[in-house]
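Heads up: the structure comes next, in structure tokens.
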Amino acid sequence: MEPEQPSPDTEQESLHEEPHLPPPTLWPIGFAIGIVVVLVGLVINPELISSIGGAIAIVFGLLWARDATAELRGHPIVVEPERRETREAGEGMTAPPADQQGVALPHVPETAVTRSRFLEGATLGLGGVIGGVITVPVAGFMVLPGFLSQKQHKVDLGPLEKFTQGQWYVATFVVDPTQGEVSRRTAFIRNNGPAADPKTKKSVPSFSIISNHCVHLGCPVQANGPTGSILGMPTVIEHTKNGRVKLDPVVPAGYGCPCHGGQYDVEGNRVAGPPVRALDRYAFEIDNGRLILLSIYSVSHVVGTGAQAKIYKYKDAGPGEHVDGPEQWLYPLNPPHH
């Protein structure tokens, strides 16, 4: 008995009933979102936000596993096959030659969005969103505190009459009494006498207040000259709301860094060694006859001396950083210092 031959209609129908892959599911996306929420919660609020993220990940993970194991649990995945309409050639009709039938697949314009392009874009976009949600909060908590809530510290150095006109002092003081000795600083101070205010044209007190931090690597520079005990001049001790302020008279011939040999002149200009600019300076104000130190700023160089000095000032920069020229654009943004 000869086996039954399938009819042409059956053969043609079987050729066009092509199975497809299982349809896409949203459960993996929900699971990924849950994991992101967990990671963000570890930074913001581990107890609340991480718990919510864990619940989302568990629910979507179970639904994802349920779909993935449906066939193993005896629930085969039912996929509707693709069906295509077929046409029979009429009697006496023949198929055209192969070179006249055109392309097998229709031409897709370059501007059209294909399924592969859509999936690629959606994957990259979702990955970028997830990466941003994870990275931005972490980076914010690490970087922003250094730029925000930076209050300015004002340091009371005492009454103006404690600073003899034309005399340099090595001043030692505490910037923030709540931090204690860790905020102790040293500066070189000279009372330049009266000078004309460029805005009001009125006579105001003028001071040169130079930081003792070397602009090479931050080591403490020292005055190249005799101090109070050698000069026979008394050390001045003043008690202010910032604590104890010590003023040692000094006659500097310049300033030197003991770490790497950086040398500066009396106005703080770099004259030798590895420093890249002049010593930093403090801004100041006069409040009820008292000298008040304000924020520190950087200086490229100083022309002239005393009250007639022209100071080329810039925002505070770190040790070793240029403040002028193209090199200044190569350094990272520094948080404010007061």
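The values are calculated or read from the model by the stated rules, or taken from the named source; none is laboratory data. Computed from a predicted structure; not experimentally measured. As a convention, Cβ positions derive from the backbone with ideal geometry for all residues, glycine included, and neighbour counts pool all protein chains shown. Heads up: the accessible areas ignore ligands, DNA and RNA and are worked out on the full protein's heavy atoms, side chains in. Shrake-Rupley method; radii C 1.70, N 1.55, O 1.52, S 1.80 Å.
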*lysines near Lys202 by alpha-carbon distance under 29 Å, same-chain residues fewer than 8 away left out - which ones?*
Lys154, Lys162, Lys310, Lys313, Lys315
*Report the label-to-label distance for Arg244 and Leu294 in nanometres (one decimal), using points 7 Å from each Cα along the Cα→Cβ vector.*
3.0
*Protein accessible area in the range 155-321, 1.4 Å probe - carbon and sulfur %*: 53
*Which whole-percent values make up P(r) of the range 155-321 when all C-alpha to C-alpha distances are grouped in 10 Å steps starting at zero?*
10, 39, 38, 12, 0
*Can you tell me the order of 37-47, 204-214 when each peptide is scored by its average per-residue count of other Cβ atoms within 10 angstrom, highest first?*
204-214, 37-47
*Label Val59 and Lys154 with points 7 Å out from Cα along Cα→Cβ: what is the distance between them in nm?*
5.5
*For the range 119-263: accessible area per residue (Å², 1.4 Å)*: 54
*By per-residue mean of other Cβ atoms within 10 Å, what is the highest-first order of 283-292, 239-248?*
239-248, 283-292
_Nearest-0.05 FRET efficiency for Leu231 and Tyr331, computed from C-beta distance (R0 30 Å)_ = 0.15
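Between Asn45 and Ala139, take the C-beta separation as r, use R0 = 25 Å, and let me know the FRET efficiency to the nearest 0.05.
Calculated value: 0.90.
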